[in-house]
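First the structure, in the form of C-alpha cells, and then the observations on it.
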Amino acid sequence: MNPSPLLDLIDSPQDLRRLDKKQLPRLAGELRAFLLESVGQTGGHFASNLGAVELTIALHYVYDTPEDKLVWDVGHQSYPHKILTGRKNQMHTMRQYGGLAGFPKRCESEYDAFGVGHSSTSIGAALGMAAADKLLGSDRRSVAIIGDGAMTAGQAFEALNCAGDMDVDLLVVLNDNEMSISPNVGALPKYLASNVVRDMHGLLSTVKAQTGKVLDKIPGAMELAQKVEHKIKTLAEEAEHAKQSLSLFENFGFRYTGPVDGHNVENLVDVLKDLRSRKGPQLLHVITKKGNGYKLAENDPVKYHAVANLPKEGAAQMPSENKPAAKPTYTQVFGKWLCDRAAADERLIAITPAMREGSGLVEFEQRFPDRYFDVGIAEQHAVTFAGGLACEGMKPVVAIYSTFLQRAYDQLVHDIALQNLPVLFAVDRAGIVGADGPTHAGLYDLSFLRCIPNMIVAAPSDENECRLLLSTCYQADAPAAVRYPRGTGTGAPVSDGMETVEIGKGIIRREGEKTAFIAFGSMVAPALAVAEKLNATVADMRFVKPIDEELIVRLARSHDRIVTLEENAEQGGAGSAVLEVLAKHGICKPVLLLGVADTVTGHGDPKKLLDDLGLSAEAVERRVNGWSARQV
C-alpha cells in the first residue's frame, strides 16, 4: 500500500476541511493512488472515478456535507466520495456480498443524499431537496453532479426546464469528460467565451499566409508555427463551445460558469466558494479527463470503464464476462445472432441506448454501420424511434437491459404494443445481476411485460434456446421480448441456423411422477437438477406470453402438485400466469410459486444471492421437500 499521510487523517469531510487548500493537490494524488490499489483488488467502476478525484475533494471541502446535499448522477464516480466520507477502510468490500454498494445508497451513509444507479436523476432529485429547504427556511445547499453523457437523457432537461423557472438555490455541476483542456486554459472561461481567441485564429492565418516563404527558410520555425496554429484552433473551438454552452444553459434560466479545469483542485475550491454564496440556479461546467492519472484508462476510457482487477504489473483486466470464454455468454450469443440475421435481412435495424459494448453490438456496428443507431442514454426515445422504423417496414431490434427497459414502459405500451408494431426487444441482464445490485437487477420484466396487449414474451433456458427464441420472435409480426440473463448459462452448443419454434408452446425436458416443475428461462437448469433427485417432471415453458395452457392443464391433471420457478418477482410473474390458467380451467391443485419475494435484493455473488432468495438448486430442493411434506 502506498503511503498516504494526508488521506490517513481523513475519516470525514470535517477532517478534510481542516487541511490547508495548498495541501489538496497532494491529497488528490494520494486518493488517486488509493483508488488504483483498492479498485485493482476488488474490481469495479474505474475510469470515471479517477476522473472525479479533484472535483470530489473540492465539493466536500467547500460544502458542509452532510447538511449540504451532494447528489451524484448514476454513481459510477462515487468511490472518492465514499472514501472521504468514512468508508475508506471498507473499500476492500466494494460490490461484494455484505459489503459497500457500487453506487450511493441512502441506508449506507448519511452522506449518500440520494440512491442512484440509473442516469439523469440527479438534477431532479437535487431540485426537490432545494425546494424543500426553501419551504423549510433552511440555508442548506443542494448540488447535482452530472456527466455530459447523462445530459443526453430527456429527464435531465425536464429538470433543468423546471429549475430555471423556480427561485431556488441549486448548483448543477456538469462534469464534461469528453474533451480535455490543459491546466493553463481550463480555468479561463471568460477568455475562452470571448471572441478574442477566434480573432487570434484569423490573425494567425493571415500572418502565416504572408510569412510562409520566410518561415520555410528558418530551421524549425514552420513546425513551431504549425503547433501554435493548432493550439489556437483548439482554443477557438473551446471558446465557441463555451459560448454555445453559455447560451444553452442561460436560456434555461441558469447562470453559467465555465468551463473550468476539473483537475485543478485549488481553483475548483475558489470557484465553488463563489458559487455557494450565489442565489438562484447555477451551472458549473467542469472539464475532466476520464481515467485521469492512469494512462491506459486515459487512452481508452470505454475499455476501462469497469475492471475486474489490476494486476501488479499494471495491465488492467476487463470484467470476466468480457474475457474470451470457453462457452459464449448470452450477450455474445445475441450479438452473433444479430449479425447473422442482419446479413440475411436488410430490414433489420439495431438500436441501443448507449450500451454498445454491454449489449454485444460492437461487431454489428462494424459490419452494418448504416443500420446501427446508438441514441444515447435515452431509453424512451429508443423505443419510440423503433416504432417509427417499424411503421415504414423496417425490423427494429432494441438491445436493452431489463432494468433500463423500465424507463421506457410508457413508450413500450403506447408507441409499440397498442399499435401492434413488430419490434423485437432483446432484454439482457434479466434476473439477478450480482455486483451492481438492486438498481440493475432485472426482476420485474416478466410481470410488467405479460400484462401488455399484443406482446410476446419469451425466456430461453440456455444459450441455444436464446438463439432459437430470438429467431422465432423476430419473424413474428408483433411486439416481442426475449429476456436472458447476464453471463453464461449451461454451456449448451449453439446452432448457426435460423430455426424457429411454435410461439406459445413449451417442451417437456424430463418425465417424472407426482411433482411437476413448470420452469421459465434460467430456472429450468436448477429445476432439472432437483427433479433428478425427486423423480419429478420438468417443463421448459419457453414462453410466458402466450403461455402454453394445454401443457399446464395436462401437467396439473397428471401430477399431484405443481412448482413454478422463475428468476423474476413472484407478484404478477410467470407463476401468477400459471395460477390464472388453473383458475380459468377450474383446476384446484397444490401450487408452490418460487420466484423473488417482495424484497429489495442485495449485491454480490449471484450464486449467493440466489441461494438467499431460495432459488439455487439446493434451496429449491429444501423448499420443495418441506412444502411437499406439509401436503401429506
Check: Under 5 Å between amide H atoms, partner at least 5 residues away or on a different chain: which partners does SER120 have, H built in plane at 1.01 Å?
Finding: VAL74
Check: Rounded to the nearest 0.05, what FRET efficiency do ARG18 and SER277 have when you use their Cβ-Cβ distance and R0 = 22 Å?
Finding: 0.55
Next item on the list: Order the following by accessible area, largest value first: ARG26, ARG509. Probe radius 1.4 Å; ligands, DNA and RNA are ignored.
Entry: ARG26, ARG509
Check: Per residue and in cubic angstrom, what volume does the convex hull of the Cα atoms of the range 508-632 have?
Finding: 101
Item checked: Taking N as its residue count, the alpha carbon Rg of the range 473-566 over 2.2 N^0.38 Å -> 1.14
Checklist line | Per-selection Rg to Rh, the range 407-489 - Cα, Kirkwood hydrodynamic radius | finding: 0.98
Check: What shape does the range 57-131 have by the C-alpha gyration tensor, where a ≥ b ≥ c are the square roots of the eigenvalues, rounded means a/c under 1.5, and otherwise prolate means a/b greater than b/c and oblate the rest?
Finding: oblate
Margin query: Using only the heavy atoms of the protein chains and a 1.4 Å probe, how would PHE254, PHE373 rank by accessible area, largest first?
Written below: PHE373, PHE254
Note to self: So, taking all protein chains as they sit and a 1.4 Å probe, how much accessible area belongs to ASP167, in Å² rounded to tens?
What the structure shows: 110
Next item on the list: Provide, for q = 0.18, 0.20, 0.29 Å⁻¹, the log10 of I(q)/I(0) from a solvent-free Debye sum over equal Cα point scatterers in the range 252-296.
Entry: -0.59, -0.69, -1.07
Next item on the list: Tell me, rounded to the nearest percent, the portion of alpha carbon pairs in the range 1-85 spaced more than 22 Å apart.
Entry: 20
Check: What order do you get for 152-165, 427-440 when each peptide is scored by the mean count of other beta carbon atoms within 10 Å, highest first?
Finding: 427-440, 152-165
Check: How fast does the range 387-429 diffuse by Stokes-Einstein, in µm²/s, taking the Kirkwood radius from C-alpha pairs at 37 °C and 0.692 mPa s?
Finding: 309
Next item on the list: For the range 339-392, report the accessible area per residue in Å² (1.4 Å probe, heavy atoms, rounded to an integer).
Entry: 45
Next item on the list: Keeping the other protein chains in place, figure out the carbon and sulfur percent of the accessible area of the range 32-79, with a 1.4 Å probe.
Entry: 47
Check: So who's got an amide H within less than 5 Å of the one on LEU592, skipping anything under 5 residues away but keeping other chains? H placed 1.01 Å off N, in plane.
Finding: ILE562, VAL563, THR564
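The values are calculated or read from the model by the stated rules, or taken from the named source; none is laboratory data. Quick caveat: nothing in here was measured; it's all calculated off a predicted structure. Positions of Cβ are generated from backbone atoms using ideal geometry, with glycine treated the same way; all protein chains shown enter the neighbour counts. Heavy atoms of the whole protein, side chains included, go into the accessibility calculation; ligands, DNA and RNA do not. Shrake-Rupley method; radii C 1.70, N 1.55, O 1.52, S 1.80 Å.
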